[in-house]
Protein chains: 2
Amino acid sequence: MASGKMSRAEALECSGCSQACHVMLYSDTKSQLFGKTPIKHIVLMQMRFDGLLGFPGGMVKPSEETLEAGLSRELLEEIGIALPISVEDHVESCFAPASLPSFSSSRLILHFYVKKIEEELIREVEKAAASTASDHGLEVLGMVRVPLYTYRREAGLSYFLSHSFIGNARSQLVRSLLRLHLVAPDKLHEALAHALQMHARSAKDLQAALTYTEAQKRDF
Amino acid sequence: MASGKMSRAEALECSGCSQACHVMLYSDTKSQLFGKTPIKHIVLMQMRFDGLLGFPGGMVKPSEETLEAGLSRELLEEIGIALPISVEDHVESCFAPASLPSFSSSRLILHFYVKKIEEELIREVEKAAASTASDHGLEVLGMVRVPLYTYRREAGLSYFLSHSFIGNARSQLVRSLLRLHLVAPDKLHEALAHALQMHARSAKDLQAALTYTEAQKRDF
């Protein structure tokens, strides 16, 4: 789940590689769902132009900018605010998984950052992302908060984890939740087990939709 | 894919049933992805508190309000604007599928509406949803646009269709895209076939995450 890892410095030595930086922005919160389920933390992800879930960020140009300056530039485009990102926010660098969707022809290195901000800033980001951000409605189809709670046995985090993610975004989310102690290992494991069940149910639903459109295509 | 259908009037005769109304808001657009792929239409969905994708709306109280007034009330809470919905916007009513997640104990009837609005109003909705809407960050985790285009052979609509949806939301989306001629039947069928492939790849990724947290749980 963490193959092809390298240091930030090693990554920069590859002049023929494409380099992309993404960041997980999160905050604490005291708000409660339906006035009783503690939400505890807010984690931001986004619906991308390709229809997949991922973290804000994008391609950077190491010949023209530092990785962190490039990431800030991407954040300005995607969330409407040029949040400062520093080397201290860097978590890991690795090659993009070959088995998962990629839109780059050269070898792609993914740099991942995590930055804790205030809840008020999360709200400002969401508002700017939906109004002033230049990528809104284009490269970004919307910002979403990740539910870290479990509601009525299996809703919440587990259903969210059953969606489709770009590259290694799901594993970056899972490992960050553990590293930052935002979700306990046993709770996360249980959520993933339920996510697989939800995922299997979803396959049947998708198959039914496929059969339906097959008939519609014939009648067209 | 369309079992348990009934008329709006028949639905209202069931006094012991819970009633929920949802609406697909959409507009035309001239904007292009990366300046070359026509986006054509904007369709709004949302990330729900339970981690699933669905249409805006919620439970209504037929003893106190019309279905449409209840839906407008829900829209004010969820998207920050009380968009007027009329009987003419009604598309279909049916029992909620028993096989998919439900949070209601009584039998649930789902009413579905479709309303075309101006692109400018879509932008106002997204802005209000992320700022003034009372449900923001609680019952609603974010609004997202549905990509109806296909980018680089299989990204876009197909990846989006591979996510996890509440109740019959995915089939409502698929049938609405056909009924309103927003996507051609053969294109939609192809997107669903690619969605199933993406869904299968996602299962392996989820399984890897489960194995990873199993090890972390032991080391905890």
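Values as computed for the structure displayed
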read-out: Under 10 Å, Cβ to Cβ, from A:Gly70 - net charge with Lys/Arg +1 and Asp/Glu -1; value: -2
read-out: Relative contact order computed over chain A (Cα-Cα under 8 Å; 6+ residues apart), in percent; value: 24
read-out: Cysteines in chain B that, by Cβ-Cβ distance, have no pairing candidate under 4.7 Å; value: B:Cys21, B:Cys94
read-out: Residue with peak Gaussian network fluctuation, chain A [Cα springs, cutoff 10 Å], from A:Glu78, A:Glu120, A:Glu68; value: A:Glu120
read-out: Per-pair calculated FRET efficiency, R0 = 60 Å: A:Glu10 and B:Glu120 via Cβ, rounded to 0.05; value: 0.80
read-out: Euclidean distance of C-alpha centroids, the stretch A:9-26 and the stretch A:123-190, integer Å; value: 21
read-out: Peptide A:185-196, shielding by other chains (average Cβ, 10 Å cutoff); value: 5
read-out: The protein assembly as shown - mean residue ellipticity at 222 nm from DSSP helices (-39,500 (n - 2.57) per run, n ≥ 4, rounded to 500); value: -12000 deg cm²/dmol
read-out: Using a 7 Å Cα-to-Cβ projection, B:Arg152 label spacings across copies, nm, ascending; value: 3.8
read-out: Length-normalised contact order for the stretch B:46-142 - Cα pairs under 8 Å, 6+ apart - percent; value: 34
read-out: Shape category assigned to the stretch A:147-206 from the gyration tensor of Cα positions, a/c cut at 1.5; value: oblate
read-out: At q = 0.09, 0.16, 0.19 Å⁻¹, base-10 log of I(q)/I(0) for chain B (Debye sum, equal scatterers on each alpha carbon); value: -0.40, -1.17, -1.50
read-out: Shielding of A:155-161 by partner chains, average beta-carbon count, 10 Å; value: 6
read-out: Length gained when the stretch B:Ala82-B:Ser63 is fully extended (0.36 nm per residue, less Cα-Cα span); value: 4.8 nm
read-out: By average C-beta atoms within 10 angstrom, highest first, the peptides B:48-61, B:124-137, A:82-95; value: B:48-61, B:124-137, A:82-95
read-out: At least 30 Å along the helix axis (C-alpha) and Kyte average at least 0.0, DSSP helices within chain A; value: none
read-out: DSSP-loop trypsin sites (Lys or Arg not before Pro) across the stretch B:140-220, with at most 14 other Cβ within 10 angstrom; value: B:Arg152, B:Arg153
read-out: Of B:Lys116/B:Lys204; A:Lys217/B:Lys115; A:Lys30/A:Lys187; A:Lys204/B:Lys217; A:Lys5/A:Lys116; A:Lys217/B:Lys30, those spanning more than 29 Å from alpha-carbon to alpha-carbon; value: B:Lys116/B:Lys204; A:Lys204/B:Lys217
read-out: Ascending list, in nanometres, of distances separating the B:Glu13 label from those of the other copies (7 Å, Cα toward Cβ); value: 7.7
read-out: Per-residue average of Cβ from other chains inside 10 Å of B:40-53; value: 6
read-out: 7 Å along Cα→Cβ, label-point gaps from A:Asp186 to other copies, nm, shortest first; value: 5.6
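Just so you know, all these numbers are worked out from the coordinates, no wet-lab data involved. Remember, it's a predicted structure, so these values are computed and weren't measured experimentally. Backbone-built Cβ (ideal geometry, glycine too); neighbour counts: all protein chains shown.
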